[in-house]
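Q: My structure is below; once you've seen it, I'll send some questions.
Since every read-out is calculated from the coordinates, none of them should be taken as a lab result. All of these numbers come straight from a predicted model, not from anything done at the bench. Here the Cβ is made from the backbone with ideal geometry for all residues, glycine too, and neighbour counts use every protein chain on show.
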Amino acid sequence: MNDRIALVTGANKGIGKHIARLLAAEGLTVYVGARDLRRGQRAVEEIGAGARLLVLDVTDPDGIARAAAQVERLDVLVNNAGISPSLASPAVTLVEEYRRTYETNVLGVVAVTNAFLPALGRSPHPRIVNVSSGTASLTWSTNPNPQFTPGSGGAAAYRSSKAALNALTVFYAQTLAEDGFKVNSLAPGLRATDLNPRAAAAGGDPAEAAQGALRLALLPDDGPTGGFFSWDGTPVPW
């Protein structure tokens, strides 16, 4: 019998909902993290068996504490919630945009992860998956790569926040390794979601990206930690 429990933040739509659906299909009980009660309820109904709603705004400390108090044990945490306000370069991006982006994409991940660490610590095989972006790769940003334009500097707030998330992934992996944690980052690729509506023309299916998150969420004990992987399992350079 599968008694594993997972939490996916920002799971009421997009890649997050697909991740929650795949985890539920594997037999896990999945908390669907959502800021909006009605949207969260709708997602839970769509996912079906195994899905439970957990009202969770990753920028609300009190709300995070209330949500964590409802979960005694957790085996998988997928930090999926994220925002990308604009594609602006750093020279024209307002400081407030950086603050708002980092509040969700970086500080929100830290707040949620730390709040749920006690529950994860009760799992025999704790896994943390941070949904990042290939555009956060400093290697790809500074060297010729067919996926990105080197030195373009676009989406500066989003990309820099995901680079910070990658650094945190390494730090968490290092400090939690002795406790059996596996902590990894996922580059889901350009997907047709509210975050990247322009990906619709390229056929970027978010369900495909969710497979990568599932793989990292269910890693065996001899699996990697502190890594950055594409949705298909290919390592991504930092």
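Q: Between the DSSP loop rule and a limit of at most 16 other Cβ atoms within 10 Å, which trypsin sites (Lys or Arg not before Pro) in the range 1-79 are left?
A: ARG73
Q: Counting other beta carbons within 10 Å of each residue's own, what order do THR175, THR93 fall into, fewest first?
A: With the fewest neighbours first, THR175, THR93 line up as THR175, THR93.
Q: A follow-up question, please. Just to verify a number: FRET efficiency for ALA177 and LEU107, C-beta to C-beta distance, R0 = 30 Å, to 0.05?
A: The formula returns an efficiency of 0.80 here.
Q: Then there is this: Pull up the DSSP beta bridges for the range 5-230 and report the antiparallel fraction as a percent, rounded to 5.
A: 5 percent
Q: What does the extension gain come out to for GLU96 and ASP3, with contour length at 0.36 nm per residue minus their alpha carbon separation?
A: Extending this stretch completely gives an extra 29.2 nm.
Q: Could you give the nm distance between label points at ASP222 and HIS125, where each point is 7 Å from its Cα heading toward the beta carbon?
A: Roughly 1.4 nm, to one decimal.
Q: Can you give the relative contact order of the range 5-230 as a percent, counting alpha carbon pairs under 8 Å and 6+ residues apart?
A: 20 percent
Q: For ASN114 paired with SER89, estimate the spin-label separation in nm (one decimal), with each label point 7 Å from Cα along the Cα-to-Cβ line.
A: That separation, rounded to one decimal, is 3.6 nm.
Q: How about the range 31-111: which GluC sites (Glu not before Pro) there lie in a loop by DSSP and see at most 11 other Cβ atoms within 10 Å?
A: GLU72
Q: Grab the Cα-Cα distance for GLU46 and GLN211, subtract it from 0.36 nm times how many residues apart they are, and report the gain in nm with one decimal.
A: Residue separation times 0.36 nm, minus the Cα-Cα distance, leaves 57.6 nm.
Q: Further, regarding this structure: Among (1) 55, 36, 32; (2) 52, 43, 31; (3) 49, 40, 34, which one is Cα extents along the principal axes in Å computed from these coordinates?
A: Matching the structure shown: (3).
Q: Given the rule -39500 (n - 2.57) for each run of at least 4 DSSP H residues, summed and divided by the residues of the chain, what is its mean residue ellipticity at 222 nm, to the nearest 500 deg cm²/dmol?
A: -12000 deg cm²/dmol
Q: Modelled label-to-label distance, LEU37 and LEU138, 7 Å Cα→beta-carbon offset: nm?
A: Result for the modelled spin labels: 4.5 nm.
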